[in-house]
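The values are calculated or read from the model by the stated rules, or taken from the named source; none is laboratory data. Only a predicted model underlies this, so the values are computations on that prediction, with no experimental measurement involved. Note that each Cβ is placed from the backbone with ideal geometry, even for glycine, and that neighbours are counted across all protein chains shown.
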Amino acid sequence: MDNKRRFALVGTGNRGTTMWGRELLAGWRSFVDLVAIADTNSLRAERARTMIASNAPIYGDVDRMLAETRPDLVIVCTPDDTHDDIVVRSLESGADVITEKPMATTVEKIRRILDAERRTGRRVDVSFNYRFAPTAARIKEMLLAGEIGRVTSVDFHWYLDTEHGADYFRRWHAYTERSGSLFVHKATHHFDLLNWYLDSAPVTVSAFAGLQMYGRKGPFRGLRCKLCPHKERCDFYLDLEADPFLDALYEQPSEIDGYFRDGCVFREDIDTPDTMVANIRYRNNVHVSYSLNTFQPIEGHHIAFNGTEGRIELRQYEDQPWETAPEDTILLVRNFPKGKPAVERITVPHFPGGHYGGDDRLRNTIFKPGMTDPLGQRASARAGALSVLCGIAALQSSLSGKVVRLADLMPELFEGEGDALAGPAQSAAGGRR
Ligand SMILES: NC(=O)c1ccc[n+]([C@@H]2O[C@H](COP(=O)([O-])OP(=O)(O)OC[C@H]3O[C@@H](n4cnc5c(N)ncnc54)[C@H](O)[C@@H]3O)[C@@H](O)[C@H]2O)c1
């Protein structure tokens, strides 16, 4: 089919190989053609190509790949601090881009991407798959319908368990220079959800953050689990070779560039906090209380929207040592029922696939022809920029002890554009900015 999108995949770690490689070709093959794979680690790229079941050529150099294969879409799945360079080169070659989150890690990098998008007239999508989770879509519909009146505050708390949370301390994510810290790398999802739910922009942030478990807080340390003298007594010991996927995609290719996936979570040079809280004030006067914790016995989140007419509340269970229902329940509680039920329990089924079906919905919205986007779930570069900026502001506040104004960090992001963070439905619903 001639109208298939000819895409190149840059970065063949777990994310590139699964979400944007194997799964994309398995489910959306009639809309896309993989024309090139690029990674600085040739063995990982080869392993990924086998897992993806493709025969696309492999490149170590992105510029050469762009020049020789002329993709019309580049999907960027490399470490966070490298996104801007690859996004800008791809846009300049004439391609559109889907970049993994966070879009970038610094104000300068955000600027480069926004400038290149403007200059080239191409499009950047940011992979904010959480917007597409079934519960997120349902909550967004309820907010748009005005179920709780004007939203005045949000309680938002995210819990990462000792497996998922620790993974960020094993590799490049643990360094602020590479990931922007977890206020950027991880919280970009959460800040984006808030921006999208509230259809507004964060104005000021104050935050606290610290290392409480990992890094220099650990009782002992080594270089990496595989070689560690403490493996018998370490709660965080990871045996990469016991997992055939991780062994083939990470451990064996690590011989080429020394990038191993089982770095000690207690390395003394780790500088990203593992425990974070932030208060955020929005342009529409909503106040948010947010936290992110990375060593919990549970995985999931709690979010509650408090409004003039009531409250919407969700406790999303993802993993915990007790049984939970096979679906989610959103509570809608009314201040003044006036003939309506004081409380409604809205059940939202789980769908198969990543993020309870959210990953598939994201790919459908981007790749299936004729898809509409009534909830404005498809995220622009501006949305990518705002959520990263909120994380940068939070980190800065936690380091300085001062309240940080986002417009002081990047004034141009707030000039003359109103709050247009996403699609037309939100502007149409408007009125509650
Ligand atoms: N949206 C989500 O839910 C989600 C989930 C996981 C990861 N991610 C994002 O996906 C991205 C990749 O994550 P990952 O866990 O697969 O990372 P990873 O470190 O496992 O893989 C990154 C790959 O990029 C390659 N690479 C590094 N620099 C490069 C360069 N300059 N040019 C070409 N290749 C280069 C590395 O060799 C490696 O193979 C990150 O930005 C991460 O934040 C998003």
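Some points to look at:
- No other residue among 17, 12 is within 21 Å of residue 90 (Cα to Cα), touching a Lys or Arg at 6+ places or on another chain (Cβ under 7 Å) and either assigned by TED's automatic domain parsing to the domain that holds residue 247 or surrounded by 24 or more Cβ atoms within 10 Å (Cβ to Cβ) (or both) apart from 12.
Residue-wise test of (1) touching a Phe, Trp or Tyr at 6+ places or on another chain (Cβ under 9 Å); (2) charged (D, E, K, R).
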residue	(1), (2)
331	no, no
336	no, no
343	no, no
347	no, no
357	yes, no
361	yes, yes
369	yes, no
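- Single unsatisfied condition, residue 183 versus (1) surrounded by fewer than 23 Cβ atoms within 10 Å (Cβ to Cβ); (2) touching a residue at least 12 places away in the same chain (Cβ under 8 Å); (3) not in a strand (DSSP E or B): (1)
- Check on residue 188, hydroxyl-bearing (Ser, Thr, Tyr), under 20 Å from residue 396 (Cα atoms) and not in a strand (DSSP E or B): yes
- Positions within segment 281-320 being over 30 Å from residue 172 (Cβ atoms), assigned to a loop (DSSP other than H, G, I, E, B) and not charged (D, E, K, R), in sequence order: 284, 285, 286, 308
- Qualifying residue in segment 189-202 (condition: within 16 Å of the ligand (Cβ to nearest atom), under 19 Å from residue 236 (Cβ atoms) and buried (at least 22 other Cβ atoms within 10 Å of the Cβ)): no
Each row is one residue, and each column tells you yes or no for (1) away from the ligand (no atom under 16 Å from the Cβ); (2) farther than 14 Å from residue 170 by Cα; (3) part of a loop (DSSP other than H, G, I, E, B); (4) not assigned by TED's automatic domain parsing to the domain that holds residue 302.
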site: 230; (1), (2), (3), (4): yes, yes, yes, yes
site: 235; (1), (2), (3), (4): yes, no, yes, yes
site: 250; (1), (2), (3), (4): no, no, no, yes
site: 279; (1), (2), (3), (4): yes, yes, no, no
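- Segment 70-80, residues that are more than 9 Å from the ligand (Cβ to nearest atom) and crowded, with 19+ Cβ neighbours inside 10 Å: 71, 73, 74, 75
- Residues located in segment 336-352, provided they are touching a residue at least 60 places away in the same chain (Cβ under 8 Å) and assigned to a loop (DSSP other than H, G, I, E, B): 350, 351
- Filtering segment 102-126 to residues that are assigned to a loop (DSSP other than H, G, I, E, B) and buried (at least 23 other Cβ atoms within 10 Å of the Cβ) leaves 102, 103, 104, 105.
- Only one entry in 348, 343, 265, 288 is touching a strand residue (DSSP E or B) at 6+ places or on another chain (Cβ under 6 Å) and under 30 Å from residue 206 (Cα atoms), namely 288.
- Some residue of segment 367-377 being closer than 30 Å to residue 405 by Cβ and within 16 Å of the ligand (Cβ to nearest atom): yes
- Within segment 47-62, the residues that satisfy the criterion of being surrounded by fewer than 14 Cβ atoms within 10 Å (Cβ to Cβ) and more than 10 Å from the ligand (Cβ to nearest atom) are 50, 53, 55.
- Comparison of 95, 116, 137 shows that the only residue that is in contact (Cβ under 8 Å) with a residue 60 or more places away in the chain and more than 16 Å from the ligand (Cβ to nearest atom) is 137.
- Condition met for residue 110 (closer than 14 Å to residue 126 by Cα, more than 14 Å from the ligand (Cβ to nearest atom) and touching a helix residue (DSSP H, G or I) at 6+ places or on another chain (Cβ under 7 Å)): yes
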